[in-house]
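The values are calculated or read from the model by the stated rules, or taken from the named source; none is laboratory data. Not measured: the values here are computed from a predicted model. Reconstructed Cβ throughout: ideal geometry from the backbone, glycine too, with neighbour counts over all protein chains shown. Calculation scope for accessible area: heavy atoms of the full protein, side chains included, ligands and nucleic acids excluded. Shrake-Rupley method; radii C 1.70, N 1.55, O 1.52, S 1.80 Å.
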Amino acid sequence: MATPFEKYGKLHVEGKNLIGENGNIVQLKGISTHNLNEYPQYVNEKAFKQFRDEYNVSIMRLAMYSGFADNHNGYADSGDAHRAELEDIIVKGVEICDSLGLYCMVDWHILLDYDPNMHTDMAVRFFKSICVKLKKYDNVIYEICNEPNMNLETKEEVTWDQIKNYAREVIPVIKAIDDTKVIIVGTTIWSQGVDKAADAPLDYENIMYTLHFYADTHRDALRDKFKYARSKGLPIFVTEFGVGRADGDGDINVEESEKWIDLLNSEKISYIIWNLSNKAETSSIIASKCDKTFGFTDDDLSPCGLMMKDIMRK
Ligand code: IDC
């Protein structure tokens with residue numbers, strides 16, 4: 001059977017859609033890693049191959065935590081040696097995806113470094129380095145800021161203008177090295193502000209905008225923002241979603257998840273589920289009792305993992 005990359009080839013953005021080499025709209029579905037610092041073991045060929053062959057996955061997202069939170073030990077907080085190790089994990093993940101014909105998203109995972117502008121220098125440094133290393137891989141998509149949320153000075157929501165300022169510093173850095181890849185930009189309020197992005201999009205080619213939802217928390221109000229943004233022609237990529245609550249835990253909400261997935265499928269919007277780990281929280285797809293890092297049986301999956309299998313096949 002043809003791999004996803006064999007089917008679609010190198011991707012680009014046209015109007016509000018992600019488009020393959022044959023000119024057709026492409027919908028990718030995939031799994032995001034958890035923090036690569038804590039869970040690097042899941043970046044392995046056997047696991048990714050199983051996701052492709054058994055779960056219908058076409059993209060993997062590698063979450064490069066940028067800053068401080070819990071025990072993240074992110075890129076910006078680390079020394080040079082550790083930064084090099086983190087980049088090695090990314091390159092390894094991309095190479096595995098490339099060999100399996102999977103797409104691979106490289107995610108600058110800002111989170112509790114609230115505002116992307118907090119570590120612009122580090123983002124620039126990261127993308128300068130990684131874009132050179134990944135230039136030859138046509139399966140790569142860049143995501144430049146996972147979830148902008150709070151401005152540290154004002155303690156208010158980071159505005160879309162502030163995110164755009166960040167994007168205008170980082171996107172040219174990527175494009176100067178490699179102008180052929182799709183770049184995805186996070187939006188306001190933990191990447192829910194697609195309405196604001198739709199009203200004032202960036203002025204570059206091959207850009208998409210992030211929408212994140214956690215089905216038990218974000219419902220009709222966010223779906224309305226999505227519909228508004230689409231009506232204005234915004235290319236959207238759901239680079240992260242959960243079937244439970246926004247904190248990654250709580251109950252699974254089957255009904256709201258189905259509403260979201262049906263809506264996204266009806267517009268061929270790509271989506272990626274959070275998260276590839278066995279951490280004891282609802283959003284992990286591996287059961288916490290399971291220590292395997294590949295060769296998963298259904299019994300090794302969490303309830304979220306089992307639901308993911310259904311979603312990917314829809
Ligand atoms: C969560 C993890 C959890 C971790 C927490 C803080 O699932 O184990 O302790 O981050 O690091 C997001 C973020 C994503 C979150 C996830 C669930 O992008 O990093 O992961 N979430 O809270 N946005 C909305 C939800």
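Accessible surface for Phe294 stands near 90 Å², nearest 10, in the context of the full protein assembly shown (1.4 Å probe). Within straight-line reach of Lys133, meaning a Cα separation under 17 Å, sit the following aspartates and glutamates at least 8 residues removed in sequence or on another chain: Asp80, Glu85, Glu87, Asp88, Glu95, Asp98, Asp107, Glu143, Asp178, Asp179.
Think of the chain as having a plus end and a minus end, set by charges on the Cβ of Lys, Arg, Asp and Glu; of Gly67, Leu18, Val238, Leu18 sits farthest toward the positive end of this dipole. Each residue of segment 33-43 was assigned a 3J(HN,Hα) from its phi angle through the Karplus expression (A = 6.51, B = -1.76, C = 1.60, θ = phi - 60°), giving 5, 7, 4, 5, 5, 8, 10, x, 5, 7, 7 Hz with x at Gly and Pro. When the solvent-accessible area of segment 44-181 is split by element, carbon and sulfur atoms take up 48 percent of it, the probe being 1.4 Å. Solvent-accessible surface of the chain, taken per residue with a 1.4 Å probe and all protein chains present: 39 Å². Between Thr217 and Leu152, residue separation times 0.36 nm minus the direct Cα-Cα distance comes to 20.9 nm.
Relative to the 2.2 N^0.38 Å rule of thumb, segment 137-267 has a C-alpha radius of gyration ratio of 1.08. Under the rule a/c < 1.5 gives rounded, and otherwise a/b versus b/c splits prolate from oblate, where does the chain land using the Cα gyration tensor? It comes out rounded by the Cα gyration axes. For segment 25-165, the relative contact order comes to 23 percent (Cα pairs under 8 Å, sequence separation of at least 6).
Its DSSP H runs of at least 4 residues, each contributing -39,500 (n - 2.57), put the calculated 222 nm mean residue ellipticity of the chain at -11500 deg cm²/dmol, to the nearest 500. Is segment 11-147 rounded, prolate or oblate when judged by the Cα gyration tensor, a ≥ b ≥ c being the square roots of its eigenvalues, rounded requiring a/c under 1.5 and prolate requiring a/b larger than b/c? Prolate. Assuming charge only on the beta carbon of Lys and Arg (+1) and of Asp and Glu (-1), the dipole of the chain about its Cα centre is about 860 debye to the nearest 20. Using a 4.7 Å Cβ-Cβ cutoff, the cysteines of the chain lacking any partner cysteine are Cys131, Cys145, Cys290, Cys304. Dipole magnitude for segment 203-314: about 320 debye, using +1 per Lys or Arg Cβ and -1 per Asp or Glu Cβ, origin at the Cα centre. For a straight C-alpha distance cut-off of 25 angstrom, the lysines reachable from Lys259 (same-chain residues fewer than eight places away being disregarded) are Lys16, Lys29, Lys196, Lys225, Lys227, Lys232, Lys268, Lys309, Lys314. If you sort Lys289, Lys10, Lys16 by accessible surface, 1.4 Å probe, largest first, the order is Lys289, Lys16, Lys10.
The mean sequence separation of alpha-carbon pairs under 8 Å and at least six residues apart, normalised by the residue count of the chain, gives a relative contact order of 18 percent. When you count the other C-beta atoms within 10 angstrom of each residue and take the mean per peptide, 141-147, 25-31 line up highest first as 141-147, 25-31. Shape analysis of segment 65-204 places it in the oblate category; the axes a ≥ b ≥ c from the Cα gyration tensor give an a/c of at least 1.5, with a/b not above b/c.
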